[in-house]
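Enquirer: One structure, pasted below without further comment.
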Amino acid sequence: MNYLIVDPINFKIKKEAKYDYDQSVDRFIFHEGKYVAKNQIDKPIIFNMKLSIKETLAFDNVINNSSCLLVNQKIIDILIKLVPEEVQFFDAEIRCKDGVLSNYKLVNITQAVKGIDHDRSMYNWIGDKADGIISLKRLVLKNDCMNGYKIARLEEFTGHTLATEDLKKAFEDARVTGLRFVTPEYYYASIYPRYAE
């Protein structure tokens with residue numbers, strides 16, 4: 001079974017770290033599912049938070065609006081153990097209301113997979129089909145879409161991170177906070193129940 005990595009249940013928008021678009025490197029460089037060379041990072045990676053340092057440190061993954069994982073050492077250790085060739089880590093700065101955290105890393109996922117079962121999913125195109133998918137209403141993945149990877153970007157909709165049962169179990173065993181693993185069908189049915197299968 002394959003999963004989406006998403007925000008926790010009962011997530012509140014005020015707890016979200018906001019990507020600083022003006023001062024930071026273009027976040028979309030991390031959506032391609034490709035290796036990013038260090039020399040491609042020509043600006044820092046900065047997030048702004050309304051929470052305090054203490055409140056932020058309660059999260060192993062800091063919920064944010066970049067569609068990237070923003071993780072502490074606990075998650076880094078899991079990823080290095082299970083998927084060292086499928087991830088990279090970049091220094092990030094989280095500017096909290098009472099100071100700055102620099103012990104979190106932004107995760108670049110170095111693999112992308114074509115995973116959408118187009119016959120069973122529902123989505124809208126960005127103008128011409130060649131421009132890609134702009135929104136999803138129902139997402140069904142092909143069973144064999146991960147191609148042996150444990151974590152990957154969904155190539156057709158790069159804001160989504162996919163993970164396998166192995167990775168889900170490792171995160172759950174470690175009691176990782178700040179994210180959850182859900183099936184795509186469940187995730188979209190909770191948002192758009194009328195389009196659920």
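The values are calculated or read from the model by the stated rules, or taken from the named source; none is laboratory data. What you are looking at is a predicted structure, and each value in this text was computed from that prediction instead of being measured. Here the Cβ is made from the backbone with ideal geometry for all residues, glycine too, and neighbour counts use every protein chain on show. Accessible surface areas use protein heavy atoms only, side chains included; no ligands, DNA or RNA. Shrake-Rupley method; radii C 1.70, N 1.55, O 1.52, S 1.80 Å.
Enquirer: Starting from the alpha-carbon convex hull of the chain, give the projected area averaged over all orientations, in nm².
Expert: 11.5 nm²
Enquirer: Measure off 7 Å from each Cα along the Cα-to-Cβ vector at E165 and Q73, then give the distance between these two points in nanometres to one decimal.
Expert: Result for the modelled spin labels: 3.3 nm.
Enquirer: Rolling a 1.4 angstrom probe over the protein heavy atoms, how many square angstrom per residue are accessible across the range 16-80?
Expert: 49 Å²
Enquirer: How large is log10 of I(q)/I(0) for the range 15-60 at q = 0.16, 0.23, 0.31, 0.32 Å⁻¹ when the intensity is taken from the Debye formula with one equal scatterer per alpha-carbon?
Expert: Scattering profile of the range 15-60, log10 relative to I(0): -0.56, -0.88, -1.08, -1.12.
Enquirer: Just the accessible area per residue of the range 144-191, please: how many Å² with a 1.4 Å probe?
Expert: Heavy-atom accessible area per residue stands at 46 Å².
Enquirer: Kindly write out, for the range 171-183 in residue order, the coupling ³J(HN,Hα) from the Karplus curve 6.51 cos²θ - 1.76 cosθ + 1.60 (θ = phi - 60°), rounded to whole Hz, with x marking Gly and Pro.
Expert: Listing the rounded values in order: 5, 5, 4, 7, 6, 5, 10, x, 6, 8, 10, 9, 5 Hz.
Enquirer: Heavy atoms only, probe 1.4 angstrom, no DNA, RNA or ligands counted: give me M146, M1 ranked by accessible area, highest first.
Expert: M1, M146
Enquirer: With the cut-off at 24 Å, tell me which of the pairs K142/K168; K105/K169; K114/K150; K14/K43 have Cα atoms farther apart than that.
Expert: Over 24 Å Cα-Cα: K14/K43.
Enquirer: Stretch K137-K34 to full length: gain in nm at 0.36 nm per residue minus the Cα-Cα span?
Expert: Extending this stretch completely gives an extra 34.4 nm.
Enquirer: Only Cα pairs under 8 Å and at least 6 apart count here; give the relative contact order of the range 1-159 as a rounded whole percent.
Expert: 24 percent
Enquirer: List, in order, the whole-Hz ³J(HN,Hα) value for each residue of the range 103-115 obtained from phi through the Karplus relation with A = 6.51, B = -1.76, C = 1.60 and θ = phi - 60°; use x for Gly and Pro.
Expert: Rounded to whole hertz, the list is 9, 9, 10, 7, 9, 9, 8, 8, 10, 10, 10, 7, x.
Enquirer: Could you give the size of the charge dipole of the chain about its Cα centre, using +1 on the Cβ of each K and R and -1 on the Cβ of each D and E, expressed in debye and rounded to the nearest 20?
Expert: 540 debye
Enquirer: Tell me, what ³J(HN,Hα) does each residue in the range 149-154 have, in order and in whole Hz, if you take phi through Karplus 6.51 cos²θ - 1.76 cosθ + 1.60 with θ = phi - 60° and put x for Gly and Pro?
Expert: Per-residue couplings from phi come out as 7, 9, 9, 7, 7, 7 Hz.
Enquirer: Let me ask another. Find how much the distance from K18 to E85 grows on full extension, using 0.36 nm per residue of separation minus their present alpha carbon separation; answer in nm with one decimal.
Expert: Gain on extension, K18 to E85, equals 21.3 nm.
Enquirer: Rounding to the nearest 10 and keeping the result within 0 to 90°, find how far the Cα-based axis of helix 73-82 lies from the longest principal axis of the chain.
Expert: 40 degrees
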